Amino acid sequence: MRELNYKEEIFSCIQYIENNIKEKLTAEGISKKIGYSIYHFSRIFSEQMGVSLMEYVKERRLLRAAEDIMLGKRILDVAIEYGYETHSGFTKAFRKKYGFSPALIHALCIQKFLNEKGGSYYMNQDRVYENANMFLKATENYKEPKELYEHLIKSIQNNKLFEDFTVLKKAYNLACLAHKGQKRKSGEDYVTHSINVAIILAEMEADEEVIIAGLLHDIIEEKTIITLKEIEEGFSLEVANMLKDVTNFNNRYSEVIDLEAFDERAIMIKLADRLHNMRTIEFMEPQRWKQKSKETIEIFSPIAAKFNNSKLKAELDNLALKYV
C-alpha cells in the first residue's frame, strides 16, 4: 500500500482511538481493527506519527483525564475510566508525563482563574491545559497589534532570549506596513496573525532571527508589496531564506518530514503558523474544518513529534481532534 493510503489508515486509527478512549485499547486490537498485523501497523504508525501507537494512546488518555479532573471529577474515578487500575498508577504516569501530581491540577487552575477573573470562577475548557502548563501560552483574540507586540516583548524578556529590540521593532513596523488593509476571517487586522506566530516562537524559545522571520512569514504568500530582496537587504539573507522555505513548505513536504535539506528554523515557523491557525479555526468556513484538522494530524503533529516538542504536539492533536 502506498504512503498516501497509510496516512488514511492512520487517520482512521486516530479517530477510532478518540472514539474509544475509555475502552480497553491494545496495539493488537487497534491493528486488527484497522486491518493490519500488530508488527506492521505499529511500525507504520511510529514512522508516520513520530511516536509509538500505545504512547499516543497514553498521551491522549492523560490529556482527556486532565480535563475531566479540571471539571471536578474525582481522581480515582478518572483513573479507572481511562484504564488505570489504581490511583497510584495513574498518578505515577501523570507525574512522569507532566512533572506534577494530578491532585494539584484542579487547585492550580482554579487559583489562576480566580486571579484572572477577580474572584469570579469560570472554567474555559480551551485554556485548561495551557493554565496547567501543558500547552504553550496563548493570547486572547481581538487584541490590537500594539497590544500584541507588547505581549511579544514580554514573552522574549521572560524567556531571556535577547535584550535589544531595535531590529524586532523594525520587523514589526514592516509587517504592519506590508499587511496594511488586509483582514483575517475574524475581522482582525491580518498582522495580528503574524505577531501571534512570533509570540508562539518566543514561547518555543526561538532565536531573534527566527522570531523576526515569524513576524514577516506571510509577506510573500499573502502577496504584499514587500519582496524577498528587500528582506535580505533590510535584515539578512538568513531571514530571507527562511521566508522562502516557509512559502515553499507544501511543495517540499517530503524533505520536511525527513528533516532533510530544509531549514529547521523555517519548520518551527510553519509549526507556529499552523498552531495559531488551529487556535482560530472557528473563524474559517466550517467546510474547511475537517480538511485542516486532518492535515494537522497527518503533517504537522508528526513534525512536532520529530522536534520533541510535546506541548506543541499535544495542543495540535487536541485542537485538530475537535473538528475531525
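A compact table of results
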{"read-out": "The listed residue being in contact with a Leu (Cβ under 8 Å, 6 or more places away or on another chain) and buried (at least 20 other Cβ atoms within 10 Å of the Cβ), out of Ile30, Ile44, Ile10", "value": "Ile30"}
{"read-out": "Test result for Arg43, under 22 Å from Asn308 (Cα atoms), assigned to a helix (DSSP H, G or I), within 26 Å of the chain's Cα centre (by Cα) and touching a residue at least 12 places away in the same chain (Cβ under 8 Å)", "value": "no"}
{"read-out": "Count - residues of the stretch 304-324 that are assigned to a helix (DSSP H, G or I) and closer than 17 Å to Ser52 by Cβ", "value": "7"}
{"read-out": "In the stretch 71-90, the residues that are surrounded by fewer than 17 Cβ atoms within 10 Å (Cβ to Cβ) and within 27 Å of the chain's Cα centre (by Cα)", "value": "Leu71, Gly72, Lys73, Glu81"}
{"read-out": "Residues being in a helix (DSSP H, G or I), farther than 17 Å from Val57 by Cβ and of a type in the set (Gly, Ala, Ser) - total across the stretch 76-103", "value": "2"}
{"read-out": "Complete set of residues in the stretch 264-304 that are closer than 18 Å to Ala202 by Cα and at pLDDT below 90", "value": "Glu264"}
{"read-out": "Helices (runs of 4 or more DSSP H) completely within the stretch 182-243 that count 1 or more residues being without any contact (Cβ under 8 Å) to a residue 40 or more places away in the chain and buried (at least 24 other Cβ atoms within 10 Å of the Cβ)", "value": "191-203, 228-234"}
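The values are calculated or read from the model by the stated rules, or taken from the named source; none is laboratory data. Since the structure is predicted, the reported quantities are computational estimates derived from the model, not experimental observations. So basically every Cβ, Gly included, is an ideal-geometry build from the backbone, and we count neighbours across all protein chains shown.
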